[in-house]
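Reading through the structure tokens given below for one structure.
The values are calculated or read from the model by the stated rules, or taken from the named source; none is laboratory data. All figures in this text were calculated on a predicted structure; none of them were measured in a lab. Glycine also receives a Cβ, built like all others from the backbone with ideal geometry; neighbour counts cover every protein chain displayed.
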Amino acid sequence: MTDDSAKRFANHLGFLGYKTSGPGEDGWSRAEHPRRWNFHFLPTPIGLRLHCTIYLGDRVARKRPAWLEFLNRFNDEAIVARAALAQDADGDWFLRARAILPSAYERRLHGALLDAWHGDLEYMQHAPSRDDEVPVATRSETIN
């Protein structure tokens, strides 16, 4: 991917409301959005890599079978993203979603693929809830 294609992609993200920064020393740039998942992107010779890390904390440990089922459904239904569960040395869990887009930037194609990326990440709304979370519809409020 050329520097020009990466800049054009970053400009495209700006049009969608992202603030981009980078690239850093490792070559990765960051895309931050006020309402969507933030992600990193890296131009490579084989395409533009997208990487989104979603912090889950200790949620996975308590509902591991449900998370594995969710992950399988995510990967089955996602259009461009693929996801994996990862755990760091502190025991915190993360969902890592990744995709690769074509290296030559083309507005319509990259726009469609970004729409698919956003749709894939929206699937997180179906993620298992915490054991201690009570669905909003069943919460009761005490009025004094």
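For segment 1-52, residues that are of a type in the set (Ser, Thr, Tyr), touching a His at 6+ places or on another chain (Cβ under 7 Å) and farther than 21 Å from ARG107 by Cβ total 0. From the list ALA112, ALA99, the one residue that fits, being at pLDDT 90 or above, under 28 Å from HIS12 (Cβ atoms) and in contact with a Leu (Cβ under 6 Å, 6 or more places away or on another chain), is ALA99.
Pairs meeting the criteria (first residue in segment 1-22 and free of Cβ contacts under 8 Å to residues at least 40 places away in the same chain and buried (at least 17 other Cβ atoms within 10 Å of the Cβ), second residue part of a helix (DSSP H, G or I) and hydrophobic (A, V, I, L, M, F, W, C), beta carbons under 6 Å, at least 6 apart or on different chains) are THR20/ALA10; THR20/LEU13.
Determine whether segment 40-60 contains at least one residue that is at pLDDT below 90, over 13 Å from the mean Cα position of the chain (by Cα) and either loosely packed, with under 15 Cβ neighbours inside 10 Å or not in a helix (DSSP H, G or I) (or both). Please lay out each step first, then the result.
The initial filter retains those residues of segment 40-60 that are at pLDDT below 90, namely 57-60.
Now restrict to residues that are over 13 Å from the mean Cα position of the chain (by Cα): 57-60.
Now restrict to residues that are either loosely packed, with under 15 Cβ neighbours inside 10 Å or not in a helix (DSSP H, G or I) (or both): 57-58.
The answer is yes; a qualifying residue exists.
From the list ALA78, ALA97, the lone residue that is within 26 Å of LYS7 (Cα to Cα) and buried (at least 16 other Cβ atoms within 10 Å of the Cβ) is ALA97. Only one of the listed residues (TYR105, TYR123) is of a type outside the set (A, V, I, L, M, F, W, C), more than 22 Å from ASN11 (Cβ to Cβ), in contact (Cβ under 8 Å) with a residue 12 or more places away in the chain and surrounded by 16 or more Cβ atoms within 10 Å (Cβ to Cβ). That residue is TYR123. When restricted to residues that are outside any helix (DSSP H, G or I) and either among the basic types (Lys, Arg) or within 16 Å of the chain's Cα centre (by Cα) (or both), segment 61-96 contains 14. Residues that are in contact with a Phe, Trp or Tyr (Cβ under 7 Å, 6 or more places away or on another chain) and farther than 10 Å from ALA127 by Cα within segment 62-77 comprise just one, GLU77. Which one of the conditions (1) free of Cβ contacts under 8 Å to residues at least 12 places away in the same chain; (2) in a loop (DSSP other than H, G, I, E, B) does TRP37 fail to meet, given that it meets all the rest? So TRP37 meets the others, but not (1). Here ALA31 fulfils each of the conditions (1) part of a loop (DSSP other than H, G, I, E, B); (2) buried (at least 16 other Cβ atoms within 10 Å of the Cβ); (3) of a type in the set (Gly, Ala, Ser) apart from (1).
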